[in-house]
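S.K.: One structure, as structure tokens, below. Some questions next.
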Amino acid sequence: MSDRPGGRNLRGLPTLIAVVTIHSLLVIGSVSLLHAPGDLIRIWPATAFLIFSLWRLRPAPLWPAIVLLVVAGIGARLLVGGSLLFSATSVVINFVEVGLGLALLSGLGEARLDRNVPTFLKALGLVGGVVTLVGMPFHAAILALSFDRPWSAVAMSVALGGVIGAALILPLVAAASTAAFRAQLRGRAAVENAALLVMCGTVLWFTVFELHQPTLILMLPVLVAAVRRGRLPAAVFGVLQIGSVLLAGRFGLLAVGWPFAASGLVAAPWIAVAILLPYCIAMLVEELAAEREKISTSETYFRDAMNHSPFGMALLDLDGRCFSVNRALCEFLGYAPDEIIGRASSDFALPEEREKVAPRLHGLVTGRYDDYTIEKRFLHKDGTPLWAFVAVSAVRDEATGRALYMIVQMQDISARRETEKALEESESRWNFALESAGQGVWDHDYGRNRTFYSATWARMLGYRPEDMSSESDAWLSLVHPFDLPRLLHQEHLHLEGRTAQFECEFRMRHKDGHWVWILDRGKVIAHGPDGRPTRMIGTHTDITEHRLLTEALQQEKERLRITLQSIGDGVICTDEEGRVTFVNPIAEALTGWSATAALGRPCDLVFRVVHEIDDVPVENVVTTCLARLDRVARDEGMVLVGRSGARVDVKASASPVRKPTGEVLGAVLVFQDVTRARTLQKELAVMASHDALTGLLNRTSFERRLEEHCAELASGGREHTLVFLDLDRFKIINDTAGHAAGDVLLREIGRLIREHMRRADVVARLGGDEFGVLIVDTPIGEAEAIAERLLERIGRTRFAWSGRVYEVGASVGLARVDGETPHAADVMSRADVACYAAKASGRNRVSVYHPSEGDARRHHHELYTAAGIRAALETGRFVVYAQTIADLRPSGRLHHHAELLVRMIEEDGSILSPGAFIPAAERYGLMAAIDRFMISQVLERYDRAILAVPRLVVSINLSANSLEDPGLLAYLAEKLEGSALPPHRIHFEITETSLINNLTHAGRLVEALRAAGYSIMLDDFGAGVSSFAYLEQFPVDYLKIDGSFVRKLTTSFVDRAIVESINDIGHKLGAITVAEFVEDAETLQALEDIGIDMAQGYHIARPQPLEELLERLSDGSIPALPERMAG
């Protein structure tokens, strides 16, 4: 059994408990012997048992072992009458002895204490000798005090008791194991052990009752057990014999009394002989049997290996004669075994080589060398010469080194030799072919550690053949360090036979220092008798140019891959059959197909699209693209149905991919998620067509619907009526109750109108407190009655808000819509005039349009517009636009100019052009307020943004109203003080007409503005009858030539002459000339030819929000001028 620490049979807490129990029993038995009368011999096996058992049990659970041993040790001593002090002290000394014993045994460095006799005796000496002697003084002192005996007598008894106890216990503990006990209790072993037990009893009976004294005859059964049954029976029967003799002496059955009289000096040798000698004999017998088994096994293995070896083998005596051969050798030479045995090995060699055999064998026998190998020829029985690889070695005596016999091994290499011969014949032809192809040839001979390099191989690296070292690994110094490990790895794989051919690409240093890319291909062509490669041939091909092209292609491919991975569009690539070959991450997310799952599947399955309205499948753009071999795009109406059923609005395009030859490789599909854009588009469409407050159609949609109905009436036969309804005194409610109340009232009136009309009628809020209704297929008379009822219903409305009740009324205008109606705009104007007439007639009534009310209509429209301007000023519904002015001078690219324009935002959010509100603003004195709005926006809101654009100058228009405004200069000074924008970055534009009509006020204003640092631009110059006359009185910085001359510049000689004259005079007066209304490239070219300094018009740039212009210029993206006309 294994005696390693922690052996399986002694593991765990149960085993520990068993050890403690046996230890306790041994303590009880030993202490009981100690109390015998006249006994000074202390037989003490308990300590040795504990040391050897814990050694077997290691690593044992530490704390449970300590607790159990303390409790059991003290308890056992108390049980046999010992005092508590005596028991505790003895236990402490035992613990010290156990610790020392375990430490000493660990120092042996042996896994088994009975591995051999020396180790066994060392362990016994350490535990029974050293440990006993260390604990002896302390135990002797305690016993001497307890039994009142001399210390010296007790000390000798303790020492001999410890030695005897260790001798009794070590064999039993060392040999004991569950497996060993089971083996001794089976079959024949059990019978023999039973016979030995009977023999022990007989010998013991004879000794006790016949001889009445212990003799060596007691050893006879133990020696038989040692020889026949091994260590465990020897240990068991030895312990039984010794224990029986001790008990017999204890009870006075032996005639000599207690056998250990005279202080037991005779007891120890007798016990050693009685138990240790048989156990050592058992150990030696087992070792001898194991060694014989090992030798027998080795001989069997050698015979089997020799008989089954595929190589020929023979055993030669020291004279070189065969005394044993195997089947493979007989088959190789064609002889029977008895025809070879007894003959000299040289008899089978070729005649010319026989003399060389004896000297080689003699060198092997005399020890000049231990073995040698050689390739030589032998004669077959039929006289045929055979090539063989021969390995000869000597088997020597291990002690003396003298040769005992020789082993010869042969391998048939006839086929290899014939192959090598054929290879040599073809090698010249092969080398010529390779040299002609520009491939360098190398030939590695691993046996000789030499390498051949062809002239082409050397020239490839800039060397001559004689410059290259023939050592096998010398060329590796030229390989790039980064590539060398990979090269050696590939070579290793091929040399091990794991690849059919060696192939590797790497870099080698050219003689002039640059790196050359090499394609190295090779193959092992020869192996040695041991199967190891002995020769490998290959070629080097210069692939530098190919490698550079490949790397460039790989870099381009990687850039393309990263691009496809990074873009925000989904990309799917297919082969020519429409099967998916690539899917980028965006496409994976949108389709629900992973790249792995989509690979190889039809594109129709991965990219499944249907119509957004009816879910009918849409033909895949890839299919269409591959059919037409042209780009296909679809932007509207497609919904992508993902793998999980998720739906995404998409737009997609597909393009074919072709080879340079025109052959189609596949297609690339690019698609975008436009769900948010389409949803927003739909929402914006609803918002653009409906009033946000009432939910009714807005003015734009209403006008469009009216236009459609007017167009349908062109064929005649039908008649509609247009109704304009304007709430009376709505401003009073809005001003007194607040805008929230006004909004609620407007929603209520809108609901009331909608409920009063039919489903086919068109109802809209036109703006403010104005509503429009198109009563379909209803003549004017019936419509008037409907309007009267509506008016009466509105009049009955009592609008309550914050505890007050307001009366609501309305003025209604009607206009006929029939085949004679020219346009929708005219119908709207007629209804508006009729509504104005209703208000003028006292309000809260219905009026039908009559042609005689044209002046009232115009007057009403201007009033309405003026009211809208005031509301826009109050609510801030004006925005600043800008139109770029191009500087045509050579240095013009360094400057930026823009004219600032004003736009009004309608209540429905639409932009109102200047022509729709400027006339009303001028008529009702509102332009000065608009001018101040523009000045405040530039100096307060946009000052830092304008300043952030280098050399940007903006111009602000001043109206005739502002020229008469005495507080304008103070207003400018106030705004300029808190602004970051300096005066020289602002120009003021004054029209020539305004200047002439306000000479006095305008003169003072222009003078003051120039003094403050502002520049003045005279707008629409040339439109007045005596324009040039005023230049002397009003010096200006810029002249803007009236657009009426610029428009016809390229077709009218007169207009060109006027423009040229204004330009010349302006330059002579020191002014910069600016041309307006530049609408095409021909006009721009003509202006540059004339020498105009600056140009403005739709051909240069259209008006845009000032924020957009500043954002564009701050990014540095300054628009280029249109190309000049060839001329």
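S.K.: Pick out the one residue from V833, V763 that is among the hydrophobic types (A, V, I, L, M, F, W, C), assigned by TED's automatic domain parsing to the domain that holds L696, touching a strand residue (DSSP E or B) at 6+ places or on another chain (Cβ under 8 Å) and not in a helix (DSSP H, G or I). Steps first, answer last, please.
M.R.: Values: V833 fails: not in a helix (DSSP H, G or I).
Among V833, V763, only V763 is among the hydrophobic types (A, V, I, L, M, F, W, C), assigned by TED's automatic domain parsing to the domain that holds L696, touching a strand residue (DSSP E or B) at 6+ places or on another chain (Cβ under 8 Å) and not in a helix (DSSP H, G or I).
S.K.: Test L947 against the stated conditions and say whether it is exposed (fewer than 15 other Cβ atoms within 10 Å of the Cβ) and either over 27 Å from R765 (Cα atoms) or among the polar types (S, T, N, Q) (or both).
M.R.: yes
S.K.: While we're on this one: Sort through A737, A677 and tell me the only one that's farther than 26 Å from I775 by Cβ, within 60 Å of the chain's Cα centre (by Cα) and either crowded, with 16+ Cβ neighbours inside 10 Å or not aromatic (F, W, Y) (or both).
M.R.: Going through A737, A677 in turn, the sole match is A677.
S.K.: Take the residues in the range 326-347 that are on the phi < 0 side of the Ramachandran plot and assigned to a loop (DSSP other than H, G, I, E, B), then tell me which one is surrounded by the fewest Cβ atoms within 10 Å (Cβ to Cβ).
M.R.: Restricting to residues being on the phi < 0 side of the Ramachandran plot and assigned to a loop (DSSP other than H, G, I, E, B), the top hit is A336.
S.K.: Residues in the range 766-776: is at least one over 28 Å from T865 (Cβ atoms) and touching a strand residue (DSSP E or B) at 6+ places or on another chain (Cβ under 9 Å)?
M.R.: The answer is yes; a qualifying residue exists.
S.K.: Continuing with this model, one more query. Please go through the range 461-510 and give me each residue that is in a helix (DSSP H, G or I) and more than 20 Å from R535 (Cβ to Cβ), ordered by number. Give the steps one after another, and end with the answer.
M.R.: In the first step, residues of the range 461-510 are kept if they are in a helix (DSSP H, G or I); the result is 465-467, 474-478, 484-495.
Passing the criteria: E466, D467, S477, L478, L484, P485, R486, H489.
S.K.: When you scan the range 38-68, how many residues do you find that are at pLDDT 65 or above and in contact with a Phe, Trp or Tyr (Cβ under 9 Å, 6 or more places away or on another chain)?
M.R.: Final tally of qualifying residues: 2.
S.K.: Under 8 Å by Cβ, and 6 or more places apart or on different chains, what pairs join a residue from the range 275-304 that is in the same structural domain as P171 (by TED's automatic domain parsing) and in contact (Cβ under 8 Å) with a residue 60 or more places away in the chain with one that is hydroxyl-bearing (S, T, Y) and outside any helix (DSSP H, G or I)?
M.R.: Partner pairs satisfying both residue conditions: none exist.
S.K.: I'm trying to understand the selection: among the residues of the range 520-532, which are within 37 Å of the chain's Cα centre (by Cα) and surrounded by fewer than 18 Cβ atoms within 10 Å (Cβ to Cβ)?
M.R.: Matches in the range 520-532: R521 only.
S.K.: Consider G401 against the criteria (1) in contact with a Gly (Cβ under 8 Å, 6 or more places away or on another chain); (2) modelled with pLDDT of 85 or more; (3) within 24 Å of F323 (Cβ to Cβ): it satisfies all of them except one. Which criterion is unmet?
M.R.: Condition (2) is where G401 drops out.
S.K.: Of all residues in the range 633-664, count the ones that are within 19 Å of R579 (Cβ to Cβ) and either part of a strand (DSSP E or B) or without any contact (Cβ under 8 Å) to a residue 24 or more places away in the chain (or both).
M.R.: Residues meeting the conditions: 10.
S.K.: Could you run through the range 804-821 and say how many residues are in contact with a helix residue (DSSP H, G or I) (Cβ under 8 Å, 6 or more places away or on another chain) and not in a strand (DSSP E or B)?
M.R.: 4
S.K.: Do we have any residue at all in the range 220-230 that's under 25 Å from L113 (Cα atoms), out of contact with any helix residue (DSSP H, G or I) (no Cβ under 7 Å at 6 or more places or on another chain) and either surrounded by fewer than 19 Cβ atoms within 10 Å (Cβ to Cβ) or modelled with pLDDT of 75 or more (or both)?
M.R.: no
S.K.: Any residue in the range 1051-1076 that's in the same structural domain as Y1038 (by TED's automatic domain parsing) and closer than 19 Å to G1097 by Cα: show its pairings with residues that are of a type in the set (D, E) and surrounded by 13 or more Cβ atoms within 10 Å (Cβ to Cβ) at Cβ separation under 6 Å, as long as the two are six or more apart or on different chains.
M.R.: I1072/D1093; T1073/D1093
S.K.: Filtering the range 382-413 down to residues that are more than 23 Å from G528 (Cα to Cα) and in contact with a strand residue (DSSP E or B) (Cβ under 8 Å, 6 or more places away or on another chain), which residue is surrounded by the most Cβ atoms within 10 Å (Cβ to Cβ)?
M.R.: A403
The values are calculated or read from the model by the stated rules, or taken from the named source; none is laboratory data. None of these values were measured; they are calculated from a predicted model. Please note: Cβ atoms are built from the backbone with ideal geometry, for glycine as well, and neighbour counts cover all protein chains shown.
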